[in-house]
Amino acid sequence: MGAAVSSSPARPGGLWLAFSKNRLSWVGLALLAIIIIVAIFAPLIAPYDPLEQNIVARLEPPSAEFLLGTDSYGRDVLSRLIYGTRISLTVGFIAILIAMTIGSMIGILAGYVGGVFDQIVMGLLDVMLSFPTLLLGLMIAAMLGASLENLIIAIAITEIAPFARIARAPTISLKQRDFVEAGRALGFGPVRIMGVHILPNMISDVVVMSSLWMASAIRTEASLSFIGLGVPPPTPTWGSMIREGFENILDAWWLAVFPSLAILLTVLALNLLGDALRDAIDPKLRAE
Amino acid sequence: MTAGNGALEVRNLAKHFTIGGGLFGPEKKLVRAVNDVSFTVPKGTSLGLVGESGCGKSTVARSLLRLIEPDAGSVVFDGIDVRAAKGAALRQLRRRMQIVFQDPYSSLNPRRTIQQALEEPLRVHRLGTAREIAEKIETAITEVGLPKQALDRYPHEFSGGQRQRIGIARALVLDPELIVADEPVSALDVSVQAQILRVLERLRDKRGLSFLFVSHDLGVVRHFCERVCVMYLGRIVEQGVTAEVFDRPLHPYTKLLRDSSPVPDPTARLTLTKIMGEVPSAANPPPGCTFHPRCVRAAGPCMTDIPALNEHDRGRQAACYHPETWPGLQAVAAAG
């Protein structure tokens, strides 16, 4: 029997190794690194002041002077895009991090405890889910007032429910696996069972979903900013730039297209990372 | 009830489940999965628990460890009331009673190395220093016949038999006195079954372990257990010394079980007992003796009254109004 246990590459701590072996993960990582660098060094990279208006150069198409053109106030689109990265990334990351943490905890707890507690909690979350994200975000943002922090809180709250749902389903199926029962028989407490035996076996689902929901968070940010409940103008955000671009979509396509591309690239990077992370977390897929 | 003799004593254990119910669900029904089950496992012995699928064997096994909370009855281990234990006392009891599961693919956390899996119980119970823990898990893994190198690996790198060994090692690290083995070999290949049984036997002899051995394989139980309980629809219908029970079954159901399990002897002619009907649903058991619709000997009180588990011979009990008769047993049976 013992002889069959031969060499195999999987070792604890090989997470980074496994992650780095995946070529697509490098693409995602590179993209995200570029986006983050752009956000951090925005003042150094941006060719113009993003708020400076230039009435003479209104709605200029992309040219050598204005690489991505100008908007209806004559502001440089590239500079606004670069500064907008900061807002979108901050809002997306922090809001999703909050929603993921709180949502997963609620989901695991509801799934593990079960019974009436589960029904009450999931019922309340269903009520939250029944509101369109935008409407709920709008209500919360209106209650809290327009600022960056409140925008993050509003978006985080709207996305707790989906995370709780994503976390609850695998918890219920894991709860019935023998290794969880074995843990109870060995005298492990519920916190240890949830944290050590259930969470690591379902976190990949949550992580992969979080990259998708981050796109939704960036979209919600866009919508709320447009309505005036997000980051107040004239601060540039990708969302508000797209909305402003819609007004002139027929004669100034560059206004909406470039911020949309920025969102697309960010979401693509997050999805590639999410997939690679899921594969790297699973020891079974890691060995391959 | 005797105190502190290391025995597991189970008296009148019962577990009911409700199915259906709810606002729009079907009509609520009570399933009596385990009914009035009593047995004793003296220290250092093995008791077999046999029966068909769905007869409540696993429910009994899990109730003993309170993985499922029983509804009634008492479970006493070494003089301590298991059902009343709380907090630290319960944790202490869990150290002394361990379980080995049927499905080796589900019993190990896929995200934890074998080392982590074996260390964890010792860490949680704060048993020893890091070095002592390391020594202990090395002993445990070699005791079940795996090399130390196995510790660094993940469960998916092992075969079913190897995983079952790991599951046994995990049950052993806390130095338990009683192992509840819930069909420990039935998910394995026959050749591997023998290896695992040998591991369990060696441990039983070396460590003086008691076993409650749940199985549907009469051959395995005959080999492993001194005494056996036969369960049918949540009740024990016969118990006694394994060889006697299987050689001269008193209850018609035991006879049926025995006659329907294959004997590895080409000269033995298989004379099948006539099997009538199917196992009734535990949600809707027949009145009287639950076995009567399938029983060739059923008559009179069998249809209306539940037979008690009575002594029919020295150390042999059966719940039957018309037990099988065997030469040498007749006189006692008639008197019973």
Residue B:156 passes all but one of the listed conditions (1) more than 11 Å from chain A (Cβ to nearest Cβ); (2) assigned to a helix (DSSP H, G or I); the exception is number (1)
Restricted to the range B:307-326 and to residues being at pLDDT 80 or above and assigned to a strand (DSSP E or B), the residue most open to solvent (accessible area, probe 1.4 Å) is B:311
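If I go through the range B:178-197 residue by residue, how many of them are free of Cβ contacts under 8 Å to residues at least 40 places away in the same chain, touching a Lys or Arg at 6+ places or on another chain (Cβ under 8 Å) and of a type in the set (D, E, K, R)?
Restricting attention to the range B:178-197, the residues satisfying the condition of being free of Cβ contacts under 8 Å to residues at least 40 places away in the same chain are B:185, B:189-194, B:196-197.
Retained after the next criterion (residues that are touching a Lys or Arg at 6+ places or on another chain (Cβ under 8 Å)): B:196.
When the remaining residues are screened for being of a type in the set (D, E, K, R), the result is none.
Of the residues in that region, 0 qualify.
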Name the one entry in B:37, B:31 that is farther than 24 Å from residue A:183 by Cα, touching a helix residue (DSSP H, G or I) at 6+ places or on another chain (Cβ under 9 Å), more than 14 Å from chain A (Cβ to nearest Cβ) and in contact (Cβ under 8 Å) with a residue 12 or more places away in the chain. B:37
Take the range B:104-149 and flag every residue that is open to solvent by 60 Å² or more (accessible area, probe 1.4 Å) and part of a loop (DSSP other than H, G, I, E, B). B:105, B:126, B:129
Being within 20 Å of residue A:58 (Cβ to Cβ) and not acidic (Asp, Glu) is the filter; apply it to the range A:76-97 and report the residue that is most open to solvent (accessible area, probe 1.4 Å). A:83
How many of the residues in the range B:68-92 are within 10 Å of chain A (Cβ to nearest Cβ) and either β-branched (Val, Ile, Thr) or in contact with a Cys (Cβ under 8 Å, 6 or more places away or on another chain) (or both)? 1
All positions within the range B:64-91 that are in a loop (DSSP other than H, G, I, E, B) and acidic (Asp, Glu): B:69, B:71, B:78
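Going through the range A:123-178 one residue at a time, which ones are of a type in the set (Phe, Trp, Tyr) and surrounded by 21 or more Cβ atoms within 10 Å (Cβ to Cβ)? Step through it out loud before you land on a result.
First, the residues of the range A:123-178 that are of a type in the set (Phe, Trp, Tyr): A:131, A:163.
Correct list: A:163 only.
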Out of all the residues in the range B:93-103, which are more than 7 Å from every other protein chain (Cβ to nearest Cβ) and open to solvent by less than 60 Å² (accessible area, probe 1.4 Å)? B:93, B:96, B:97, B:100
Does the range A:179-193 contain at least one residue that is open to solvent by less than 10 Å² (accessible area, probe 1.4 Å), under 25 Å from the mean Cα position of the chain (by Cα), within 14 Å of chain B (Cβ to nearest Cβ) and not small (Gly, Ala, Ser)? no
When residue B:94 is evaluated against the numbered criteria (1) at pLDDT below 90; (2) in a helix (DSSP H, G or I); (3) over 24 Å from the mean Cα position of the chain (by Cα), which criterion, by number, is the only one it fails? (3)
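Among the residues in the range A:261-280, are any among the polar types (S, T, N, Q) and surrounded by fewer than 16 Cβ atoms within 10 Å (Cβ to Cβ)? Before the answer, list the steps.
Looking only at the range A:261-280, we keep the residues that are among the polar types (S, T, N, Q), and these are A:266, A:271.
If we keep only those that are surrounded by fewer than 16 Cβ atoms within 10 Å (Cβ to Cβ) too, we end up with none.
Among the residues of the range A:261-280, not one is among the polar types (S, T, N, Q) and surrounded by fewer than 16 Cβ atoms within 10 Å (Cβ to Cβ), which makes the answer no.
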If you go through A:216, A:260, the only one that is over 30 Å from residue B:153 (Cβ atoms) and either in contact with a His (Cβ under 7 Å, 6 or more places away or on another chain) or at pLDDT below 80 (or both) is A:216
Only residues that are in a helix (DSSP H, G or I), more than 9 Å from chain A (Cβ to nearest Cβ) and open to solvent by 10 Å² or more (accessible area, probe 1.4 Å): list them for the range B:179-197, please. B:190, B:191, B:193, B:194, B:197
What residue, among those in the range B:164-178 that are more than 8 Å from chain A (Cβ to nearest Cβ) and touching a helix residue (DSSP H, G or I) at 6+ places or on another chain (Cβ under 6 Å), is nearest to residue B:127 (Cα to Cα)? B:173
Output the qualifying pairs, or none if there are none: Cβ atoms under 8 angstrom, residues six or more apart or on different chains, first residue in the range B:117-128 and at the interface with another protein chain (Cβ under 8 Å from one of its Cβ atoms), second residue aromatic (Phe, Trp, Tyr) and surrounded by 15 or more Cβ atoms within 10 Å (Cβ to Cβ). B:120/A:188; B:121/A:188; B:124/A:188
When both residues are 6+ apart or on different chains and their Cβ atoms are under 9 Å apart, which pairs have a first residue that lies in the range B:49-64 and is under 23 Å from residue B:83 (Cβ atoms), and a second that is among the β-branched types (Val, Ile, Thr) and assigned to a helix (DSSP H, G or I)? B:49/B:60; B:49/B:221
Of those in the range B:1-54 that are on the phi > 0 side of the Ramachandran plot and modelled with pLDDT of 85 or more, the residue least open to solvent (accessible area, probe 1.4 Å) is B:51
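Can you pull out the residues in the range B:157-176 that are farther than 20 Å from residue B:132 by Cα and within 27 Å of the chain's Cα centre (by Cα)? Write out each step before concluding.
Applying the first criterion (farther than 20 Å from residue B:132 by Cα) to the range B:157-176 yields B:157-165, B:167.
Within the range B:157-176, B:158, B:159, B:160, B:161, B:162, B:163, B:164, B:165, B:167 qualify.
The values are calculated or read from the model by the stated rules, or taken from the named source; none is laboratory data. For clarity, every value in this text was computed on a predicted model and none was experimentally measured. Neighbour counts run over all protein chains shown; Cβ positions are idealised from the backbone, glycine included. All accessible areas refer to the heavy atoms of the entire protein, side chains included, with ligands and DNA or RNA removed. Shrake-Rupley method; radii C 1.70, N 1.55, O 1.52, S 1.80 Å.
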